[in-house]
Amino acid sequence: MNDTVLLIGRSLRNTMREPATILPNIAISVFFLFVYNSGLSSVAELPGFQGTYLGFILPVAIVSAAVGGAGLAGQTLIKDIDNGYFTKLLLTPTRRLSVIWGPMIASAIVLTAQVVLVMLIALALGLKVAAGPLGFALVVVLAFLWGMAFAGYAAFMALKTKNAAAAQAATFAFFPLIFLSYTFVPKEYVTAGWLKVAATINPTTYVFDSMRSLLNTGWDSTSLIVGFAVTLGFATLTGIMALWAARGATKMS
Amino acid sequence: MSDRDGADRSITAEALRRDFGKLHAVDGVDLEVPGGQIFGFLGPNGAGKSTLVKILTTILNPTSGRASVGGYDVQRQGGKVREAIGVALQDVGLDPLMTARELLMLQTELFGTPRDEARKTAERLLVTVGLDDVDPKKRAGAYSGGMKRRLDLALALVHDPRILFLDEPTTGLDPASRAAIWEEVRRLNDDFGMTIFLTTQYLEEADRLADQIAIINKGTIVAQGTPEELKRQVGDEVVELQFGSSDDAERAQDALAPVAPNRQRSNRELRLYFGRAAENVPELVRVLDGAGISLQGLTIEQPSLDDVFLRVTGEALEHEVDEGADDVPAGAEVRS
């Protein structure tokens with residue numbers, strides 16, 4: 001455990017030394033928040049819309065921050081593998097999975113910080129969280145888990161391809177996942193059948209639903225259970241993929 | 001040079017093999033390195049040196065066979081092996097964003113040393129490898145090649161390993177850095193009885209440092225022994241003949257077959273191996289005269305590891321040397 005803490009500390013310090021690796025991601029999330037909130041806020045005036053548009057669009061900014069932050073885990077691993085430091089760490093008595101856990105947990109901390117930052121900006125813009133402080137915390141937890149699910153995916157791609165460009169390209173899978181959903185308007189106002197099908201398949205939809213219910217309408221157990229179940233299921237799947245890839249990469253058999 | 005404190009410092013391998021697809025990178029290697037030795041592992045590029053080092057240091061699994069390092073099995077007791085060994089691979093492994101002290105402290109702590117002590121270890125090792133006067137804020141990414149190599153060596157020493165693996169530690173270094181590494185390797189061996197397993201492409205390096213040498217070619221060990229033993233295998237003395245053209249050298253090679261059965265040619269030079277060279281020189285000159293080949297120069301010297309290498313790796317041997325020469329030691333032939 002101590003080794004993992006040391007390795008997390010090292011990854012966090014490196015992130016601070018290269019702010020350029022996280023700033024664009026924060027900028028994109030804040031951009032979503034400002035541009036869509038001011039440009040599309042009249043959506044909230046449609047009949048039947050509950051809560052504020054800020055509470056509706058904020059999950060998009062949060063998921064974007066979480067998913068972008070998760071890509072960092074893959075990038076860190078690729079850098080370590082490329083410059084040989086990964087091997088140097090494997091030559092210590094450290095449990096081998098710590099070498100992978102370190103950067104992954106570090107990027108989870110970074111992405112959580114980004115999510116909290118985006119949410120604080122939303123509070124400054126006048127957000128009222130319907131489910132209160134505990135609801136706020138649950139949104140952060142959901143974002144963290146969703147980020148970890150993507151960190152697992154990013155680590156899997158990094159360890160399998162060992163190629164920075166390929167791992168970077170793999171993160172573009174995030175885009176359809178964010179946008180093929182009820183991203184900008186509620187379900188009731190979407191008429192395109194294909195988008196409804198895509199949104200139903202897309203797990204992000206359920207994450208958006210859970211977060212929006214907490215932010216805009218209060219406690220909705222069905223939407224929370226579905227959201228957490230989908231998130232945990234997805235995180236478990238990518239976690240297993242990452243562990244499997246890690247075993248190959250650290251044993252090199 | 002046995003183990004000083006009862007700790008096992010040996011390295012053994014039995015029928016070790018590693019395939020990459022169809023390539024047999026390591027093809028049935030047996031090794032027995034007693035504790036406390038400097039063992040030189042010599043071979044051309046791509047001979048399998050680095051693959052073998054990776055297997056022995058637990059970062060690559062063998063396809064078959066077994067190996068033990070410091071008394072521990074490399075596959076089943078990898079953790080124990082890693083505690084016993086220090087490793088500096090051919091490609092240095094440094095995080096470019098970290099400073100030398102940060103890298104050394106983290107590495108030391110990962111070996112279970114408390115922070116305060118790790119700080120002292122870092123300072124001590126920086127002095128050892130001569131990096132103590134570098135700007136402490138300078139990150140490893142900004143170091144020169146030689147400095148990186150020295151820092152990498154320091155990282156291999158953080159836990160006072162019993163056995164040190166150095167994979168081509170001086171490749172690409174300038175002569176001064178190379179000499180500094182040689183001196184350090186000697187000192188580690190003398191002062192701590194550390195077993196040092198060193199791979200190299202430089203014959204001089206192996207000759208200067210190693211108690212024992214193995215030569216690997218195409219995944220197989222083709223010669224093993226002390227430098228002296230290996231040199232004696234090719235003959236006691238060498239006559240080197242220099243010609244004006246490689247054409248002349250080639251004709252001389254054929255013409256001299258009856259009087260010098262053991263010989264190797266490289267370009268315009270022909271090297272002939274004898275028990276006692278001087279007494280053969282008049283005959284050599286006579287034969288060359290008779291064949292009308294003019295000689296540009298002649299020197300008598302001791303065989304070097306170059307001679308051994310050329311002979312066992314087969315590069316020159318396959319084409320240039322008479323087949324009979326392979327199994328007839330030159331010295332024996334002349335003395336009889």
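The values are calculated or read from the model by the stated rules, or taken from the named source; none is laboratory data. As the structure is a computational prediction, the values presented were derived from the model and not from experiment. Cβ coordinates were reconstructed from backbone atoms using ideal geometry, including for glycine residues, and neighbour counts include every protein chain displayed.
Brief remarks on what is shown
- Yes/no for B:Val129 being over 26 Å from A:Thr15 (Cβ atoms) and more than 8 Å from every other protein chain (Cβ to nearest Cβ): yes
- The range B:241-269 residues that are touching a residue at least 12 places away in the same chain (Cβ under 8 Å) and more than 16 Å from B:Glu283 (Cα to Cα), paired with ones that are part of a loop (DSSP other than H, G, I, E, B) and of a type in the set (Val, Ile, Thr) (beta carbon under 8 Å, 6 or more apart): B:Phe243/B:Ile293; B:Asp248/B:Ile293; B:Arg251/B:Ile293; B:Gln264/B:Val321; B:Arg265/B:Val321
- B:Arg66 basic (Lys, Arg) and within 14 Å of chain A (Cβ to nearest Cβ): no
- Residue tally, condition within 14 Å of chain B (Cβ to nearest Cβ), touching a residue at least 60 places away in the same chain (Cβ under 8 Å) and closer than 30 Å to B:Val74 by Cα, over the range A:56-85: 6
- For the range B:252-294, filtered to residues that are of a type in the set (Lys, Arg) and either touching a helix residue (DSSP H, G or I) at 6+ places or on another chain (Cβ under 8 Å) or surrounded by 15 or more Cβ atoms within 10 Å (Cβ to Cβ) (or both), the residue that is nearest to B:Val238 (Cα to Cα) is B:Arg271.
- Residues within the range A:93-104 that are touching a residue at least 40 places away in the same chain (Cβ under 8 Å) and facing chain B (nearest Cβ under 7 Å), tallied: 1
- Candidate set from the range B:118-141 (those that are surrounded by fewer than 16 Cβ atoms within 10 Å (Cβ to Cβ) and touching a residue at least 40 places away in the same chain (Cβ under 8 Å)); member that is farthest from B:Gly193 (Cα to Cα): B:Gly141
- Filter result (crowded, with 20+ Cβ neighbours inside 10 Å and more than 10 Å from chain A (Cβ to nearest Cβ)) within the range B:100-117: B:Ala100, B:Leu104
- Set B:Gly86, B:Gly40: member being away from every other protein chain (no Cβ under 12 Å), closer than 17 Å to B:Ile163 by Cβ, touching a residue at least 40 places away in the same chain (Cβ under 8 Å) and crowded, with 20+ Cβ neighbours inside 10 Å: B:Gly40
- Candidates B:Leu52, B:Leu60, filtered to the one that is buried (at least 18 other Cβ atoms within 10 Å of the Cβ), of a type in the set (A, V, I, L, M, F, W, C) and touching a helix residue (DSSP H, G or I) at 6+ places or on another chain (Cβ under 9 Å): B:Leu60
- Residue satisfying all of: in the range A:9-53; hydroxyl-bearing (Ser, Thr, Tyr) and within 14 Å of chain B (Cβ to nearest Cβ); farthest from A:Gln114 (Cα to Cα) among these: A:Ser11
- Meets criteria (modelled with pLDDT under 85, closer than 28 Å to B:Glu102 by Cα and touching a Leu at 6+ places or on another chain (Cβ under 9 Å)) for A:Leu97: yes
- In this structure, B:Gln77 does not qualify as more than 9 Å from every other protein chain (Cβ to nearest Cβ) and either closer than 26 Å to B:Leu151 by Cβ or among the charged types (D, E, K, R) (or both).
- Just one of the listed residues (B:Asp95, B:Asp152, B:Asp191) is touching a residue at least 60 places away in the same chain (Cβ under 8 Å) and either buried (at least 20 other Cβ atoms within 10 Å of the Cβ) or part of a helix (DSSP H, G or I) (or both), and it is B:Asp152.
- Against the list (1) at positive phi; (2) part of a helix (DSSP H, G or I), the condition B:Gly130 fails is (2).
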